[in-house]
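K.L.:
This structure is in C-alpha coordinates; I'll ask about it shortly.
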Amino acid sequence: NAGVTQTPKFQVLKTGQSMTLQCAQDMNHNSMYWYRQDPGMGLRLIYYSASEGTTDKGEVPNGYNVSRLNKREFSLRLESAAPSQTSVYFCASSALAGVEQYFGPGTRLTVT
Amino acid sequence: GENVEQHPSTLSVQEGDSAVIKCTYSDSASNYFPWYKQELGKRPQLIIDIRSNVGEKKDQRIAVTLNKTAKHFSLHITETQPEDSAVYFCAASMYSGAGSYQLTFGKGTKLSVIP
(Lines give C-alpha, C1' and ligand atoms only; values in the text may rest on other atoms or scores of the structure.)
Protein backbone atom coordinates (compact mmCIF):
# COMPACT_ATOMS: atom_id res chain seq x y z
CA ASN A 1 0.00 0.00 0.00
CA ALA A 2 2.00 2.97 -1.31
CA GLY A 3 -0.58 5.65 -0.40
CA VAL A 4 -0.21 8.72 -2.63
CA THR A 5 2.64 8.75 -5.14
CA GLN A 6 3.86 11.56 -7.37
CA THR A 7 6.22 11.76 -10.34
CA PRO A 8 8.64 13.30 -10.95
CA LYS A 9 10.31 14.27 -7.65
CA PHE A 10 12.27 17.12 -9.23
CA GLN A 11 11.95 19.00 -12.50
CA VAL A 12 13.63 22.00 -14.09
CA LEU A 13 11.84 23.71 -16.99
CA LYS A 14 12.59 26.66 -19.18
CA THR A 15 10.01 29.41 -19.52
CA GLY A 16 7.38 28.40 -22.06
CA GLN A 17 7.92 24.65 -21.79
CA SER A 18 5.07 22.36 -20.84
CA MET A 19 4.92 19.38 -18.53
CA THR A 20 2.51 17.12 -16.68
CA LEU A 21 2.80 16.16 -13.03
CA GLN A 22 1.42 12.73 -12.26
CA CYS A 23 -0.36 11.61 -9.09
CA ALA A 24 -1.82 8.25 -8.14
CA GLN A 25 -3.41 6.84 -4.99
CA ASP A 26 -4.15 3.26 -4.02
CA MET A 27 -6.49 3.94 -1.08
CA ASN A 28 -9.70 3.87 -3.16
CA HIS A 29 -10.29 7.52 -2.29
CA ASN A 30 -12.95 9.49 -4.10
CA SER A 31 -11.42 12.96 -3.88
CA MET A 32 -8.05 14.23 -5.08
CA TYR A 33 -6.33 17.62 -4.88
CA TRP A 34 -3.40 19.60 -6.21
CA TYR A 35 -1.69 22.19 -3.99
CA ARG A 36 1.30 24.41 -4.39
CA GLN A 37 3.51 25.41 -1.48
CA ASP A 38 5.58 28.57 -1.52
CA PRO A 39 7.68 29.93 1.37
CA GLY A 40 5.50 31.79 3.86
CA MET A 41 2.32 31.10 1.87
CA GLY A 42 1.22 27.78 3.26
CA LEU A 43 -0.60 25.34 0.99
CA ARG A 44 -2.80 26.83 -1.70
CA LEU A 45 -5.33 24.75 -3.61
CA ILE A 46 -4.91 24.77 -7.39
CA TYR A 47 -7.59 22.30 -8.52
CA TYR A 48 -9.50 19.47 -6.97
CA SER A 49 -11.67 16.56 -8.02
CA ALA A 50 -14.41 15.72 -5.53
CA SER A 51 -15.17 12.48 -7.38
CA GLU A 52 -14.23 10.69 -10.57
CA GLY A 53 -15.47 12.68 -13.55
CA THR A 54 -15.53 16.08 -11.83
CA THR A 55 -12.91 18.79 -11.45
CA ASP A 56 -13.14 22.27 -9.94
CA LYS A 57 -10.91 25.30 -9.59
CA GLY A 58 -9.32 26.12 -6.28
CA GLU A 59 -7.73 29.32 -5.06
CA VAL A 60 -4.93 29.63 -7.67
CA PRO A 61 -5.94 27.82 -10.92
CA ASN A 62 -4.50 30.22 -13.52
CA GLY A 63 -1.84 28.64 -15.72
CA TYR A 64 -2.82 25.07 -14.85
CA ASN A 65 -5.11 22.34 -16.15
CA VAL A 66 -6.04 19.01 -14.61
CA SER A 67 -7.33 15.63 -15.69
CA ARG A 68 -8.96 13.03 -13.47
CA LEU A 69 -7.93 10.07 -15.59
CA ASN A 70 -9.71 7.49 -13.43
CA LYS A 71 -10.42 7.01 -9.73
CA ARG A 72 -6.72 6.43 -8.96
CA GLU A 73 -5.01 9.13 -11.05
CA PHE A 74 -5.14 12.91 -11.13
CA SER A 75 -2.66 14.86 -13.28
CA LEU A 76 -1.68 18.52 -13.31
CA ARG A 77 -0.51 20.15 -16.54
CA LEU A 78 1.44 23.34 -17.06
CA GLU A 79 0.93 24.36 -20.69
CA SER A 80 3.46 27.21 -20.77
CA ALA A 81 5.58 27.33 -17.65
CA ALA A 82 6.45 30.69 -16.06
CA PRO A 83 9.01 31.51 -13.34
CA SER A 84 6.07 32.33 -11.00
CA GLN A 85 5.18 28.63 -11.11
CA THR A 86 8.42 27.69 -9.38
CA SER A 87 7.12 25.89 -6.30
CA VAL A 88 6.68 22.58 -4.54
CA TYR A 89 3.57 20.80 -5.76
CA PHE A 90 1.69 18.36 -3.56
CA CYS A 91 -1.05 15.98 -4.55
CA ALA A 92 -3.47 14.76 -1.89
CA SER A 93 -6.44 12.44 -1.64
CA SER A 94 -9.31 11.85 0.75
CA ALA A 95 -12.11 9.34 1.08
CA LEU A 96 -14.64 12.14 0.95
CA ALA A 97 -14.24 15.75 -0.13
CA GLY A 98 -13.01 18.02 2.64
CA VAL A 99 -12.11 15.44 5.27
CA GLU A 100 -8.81 13.75 6.18
CA GLN A 101 -6.39 14.36 3.31
CA TYR A 102 -3.28 12.30 2.72
CA PHE A 103 -0.42 13.93 0.86
CA GLY A 104 2.07 12.66 -1.68
CA PRO A 105 5.83 13.30 -1.34
CA GLY A 106 5.77 16.40 -3.54
CA THR A 107 7.38 17.58 -6.78
CA ARG A 108 9.92 20.38 -6.62
CA LEU A 109 9.59 22.40 -9.83
CA THR A 110 11.94 25.16 -10.92
CA VAL A 111 11.16 27.32 -13.95
CA THR A 112 14.07 29.36 -15.30
CA GLY B 1 -14.49 32.17 0.57
CA GLU B 2 -12.94 30.89 3.76
CA ASN B 3 -10.00 32.73 5.32
CA VAL B 4 -7.78 31.07 7.93
CA GLU B 5 -5.35 33.13 10.00
CA GLN B 6 -2.62 31.35 11.98
CA HIS B 7 -0.43 32.72 14.78
CA PRO B 8 2.37 32.90 15.59
CA SER B 9 4.40 32.39 12.43
CA THR B 10 7.41 31.25 14.46
CA LEU B 11 7.60 29.82 17.97
CA SER B 12 10.61 28.76 20.04
CA VAL B 13 10.20 26.82 23.27
CA GLN B 14 12.50 25.01 25.67
CA GLU B 15 12.32 21.24 25.67
CA GLY B 16 9.67 20.12 28.14
CA ASP B 17 7.64 23.33 27.89
CA SER B 18 4.24 23.61 26.22
CA ALA B 19 3.52 25.15 22.82
CA VAL B 20 0.24 26.69 21.67
CA ILE B 21 -0.66 27.64 18.10
CA LYS B 22 -3.88 29.49 17.35
CA CYS B 23 -6.03 29.78 14.24
CA THR B 24 -9.12 31.76 13.39
CA TYR B 25 -11.51 31.13 10.52
CA SER B 26 -14.10 33.29 8.83
CA ASP B 27 -16.84 30.96 7.56
CA SER B 28 -19.22 29.89 10.34
CA ALA B 29 -20.31 26.95 8.14
CA SER B 30 -16.85 25.32 8.39
CA ASN B 31 -17.16 22.05 10.27
CA TYR B 32 -13.85 20.18 10.12
CA PHE B 33 -10.50 21.43 11.43
CA PRO B 34 -7.35 19.35 10.90
CA TRP B 35 -3.77 20.06 11.94
CA TYR B 36 -0.80 18.97 9.85
CA LYS B 37 2.88 18.65 10.75
CA GLN B 38 5.50 19.10 8.06
CA GLU B 39 9.13 18.26 8.70
CA LEU B 40 11.78 19.85 6.51
CA GLY B 41 11.64 18.45 2.98
CA LYS B 42 8.78 16.09 3.80
CA ARG B 43 5.09 15.93 3.06
CA PRO B 44 2.44 17.37 5.44
CA GLN B 45 1.07 14.69 7.76
CA LEU B 46 -2.20 14.80 9.67
CA ILE B 47 -1.57 14.77 13.42
CA ILE B 48 -4.99 15.53 14.88
CA ASP B 49 -8.36 16.86 13.77
CA ILE B 50 -11.61 18.01 15.32
CA ARG B 51 -15.16 18.34 14.09
CA SER B 52 -17.55 21.14 14.89
CA ASN B 53 -19.69 19.06 17.23
CA VAL B 54 -16.74 18.54 19.61
CA GLY B 55 -15.05 21.15 21.80
CA GLU B 56 -11.79 19.35 22.58
CA LYS B 57 -9.84 16.32 21.45
CA LYS B 58 -6.65 14.87 22.90
CA ASP B 59 -4.10 12.36 21.65
CA GLN B 60 -1.22 11.76 24.07
CA ARG B 61 0.81 15.00 24.17
CA ILE B 62 -1.25 16.90 21.61
CA ALA B 63 -4.70 18.40 21.96
CA VAL B 64 -6.94 20.62 19.91
CA THR B 65 -9.66 22.92 21.21
CA LEU B 66 -12.44 24.54 19.19
CA ASN B 67 -14.53 27.59 20.03
CA LYS B 68 -17.25 27.80 17.40
CA THR B 69 -18.76 30.99 18.78
CA ALA B 70 -15.47 32.86 18.50
CA LYS B 71 -14.46 30.93 15.35
CA HIS B 72 -11.05 29.92 16.59
CA PHE B 73 -9.24 26.68 17.30
CA SER B 74 -5.88 25.92 18.88
CA LEU B 75 -3.22 23.21 18.92
CA HIS B 76 -1.59 22.44 22.27
CA ILE B 77 1.60 20.39 22.53
CA THR B 78 2.74 19.50 26.05
CA GLU B 79 6.16 18.26 27.21
CA THR B 80 7.72 19.29 23.92
CA GLN B 81 10.60 17.26 22.51
CA PRO B 82 13.20 18.13 19.84
CA GLU B 83 11.38 15.87 17.35
CA ASP B 84 8.35 18.17 17.63
CA SER B 85 10.36 20.79 15.70
CA ALA B 86 8.56 21.28 12.38
CA VAL B 87 6.11 23.54 10.59
CA TYR B 88 2.50 23.11 11.72
CA PHE B 89 -0.49 24.02 9.55
CA CYS B 90 -4.09 24.43 10.60
CA ALA B 91 -6.95 24.16 8.12
CA ALA B 92 -10.71 24.61 7.94
CA SER B 93 -13.12 22.74 5.69
CA MET B 94 -15.84 24.69 3.97
CA TYR B 95 -18.62 23.75 1.57
CA SER B 96 -17.76 24.92 -1.96
CA GLY B 97 -20.98 23.96 -3.74
CA ALA B 98 -22.31 20.96 -5.71
CA GLY B 99 -21.56 18.55 -2.88
CA SER B 100 -17.91 19.54 -2.66
CA TYR B 101 -15.84 20.58 0.32
CA GLN B 102 -12.32 22.00 0.31
CA LEU B 103 -9.69 22.74 2.93
CA THR B 104 -8.27 26.22 3.38
CA PHE B 105 -4.90 26.22 5.14
CA GLY B 106 -3.26 28.74 7.42
CA LYS B 107 0.21 29.97 6.48
CA GLY B 108 1.98 27.79 9.02
CA THR B 109 3.91 28.05 12.30
CA LYS B 110 7.55 27.06 12.49
CA LEU B 111 8.06 25.47 15.89
CA SER B 112 11.59 25.10 17.23
CA VAL B 113 12.16 23.07 20.40
CA ILE B 114 15.45 23.98 22.03
CA PRO B 115 17.16 21.08 23.86
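K.L.:
Provide the net charge surrounding B:Glu39, with neighbours chosen by a C-beta distance below 15 Å and charges set as Lys +1, Arg +1, Asp -1, Glu -1. Provide the component values of the computation, followed by the final result.
P.N.:
Numbers: positive: B:Lys37, B:Lys42, B:Arg43, B:Lys110; negative: B:Glu83, B:Asp84.
Combined, the nearby Lys, Arg, Asp and Glu give +2.
K.L.:
Given DSSP loops and a limit of at most 13 other Cβ atoms within 10 Å, what is the longest stretch of chain A that contains no such trypsin sites (Lys or Arg not before Pro)?
P.N.:
A:15-112
K.L.:
log₁₀ I(q)/I(0) of the stretch A:64-105 at q = 0.24, 0.32, 0.34 Å⁻¹, via Debye over equal Cα point scatterers, no solvent, to two decimals?
P.N.:
With one equal scatterer per Cα and no solvent, log10 I(q)/I(0) is -0.99, -1.19, -1.21.
K.L.:
Sticking with this one: For the protein assembly as shown, what size does the Cα cloud have along each of its three principal axes, sorted from largest down, in whole Å?
P.N.:
The principal-axis extents, from largest down, are 49, 40, 33 Å.
K.L.:
Still on this structure, I have one more. Any chance you could check the Cα centroid distance between the stretch B:1-50 and the stretch A:57-84 for me, in angstrom?
P.N.:
Centre-to-centre (Cα) distance: 26 Å.
K.L.:
Report the percentage of all Cα-Cα pairs in chain A whose separation exceeds 22 Å, rounded to a whole percent.
P.N.:
Working: 1482 of 6216 pairs.
Value for chain A (Cα pairs over 22 Å): 24 percent.
K.L.:
Something else: Using the structure shown, list the pairs from A:Lys71/B:Lys71; A:Lys9/B:Lys107; A:Lys57/B:Lys107; B:Lys71/B:Lys110; A:Lys9/A:Lys57; A:Lys71/B:Lys37 with a Cα-Cα distance above 30 Å, or answer none. Each step should come with its number before you reach the end.
P.N.:
On the way: A:Lys71/B:Lys71 35 Å; A:Lys9/B:Lys107 23 Å; A:Lys57/B:Lys107 20 Å; B:Lys71/B:Lys110 23 Å; A:Lys9/A:Lys57 24 Å; A:Lys71/B:Lys37 27 Å.
Correct reply: A:Lys71/B:Lys71.
K.L.:
If you take the alpha carbon radius of gyration of chain B and divide it by 2.2 N^0.38 Å, what ratio comes out, to two decimals?
P.N.:
Numbers: Rg = 14.0 Å, N = 115, 2.2 N^0.38 = 13.4 Å.
It is 1.05.
K.L.:
Something else: Over the protein assembly as shown, give the accessible area per residue in Å² for a 1.4 Å probe, as an integer.
P.N.:
Values: 10770 Å² over 227 residues.
Normalised by residue count, the accessible surface of the protein assembly as shown is 47 Å².
The values are calculated or read from the model by the stated rules, or taken from the named source; none is laboratory data. The structure presented is a predicted model; accordingly, all values stated were derived computationally and were not measured. Don't worry about glycine lacking a Cβ; one is built from the backbone with ideal geometry, like all the others, and counts go over all protein chains shown. Protein only, heavy atoms only, side chains kept; ligands, DNA and RNA dropped before computing areas. Shrake-Rupley method; radii C 1.70, N 1.55, O 1.52, S 1.80 Å.
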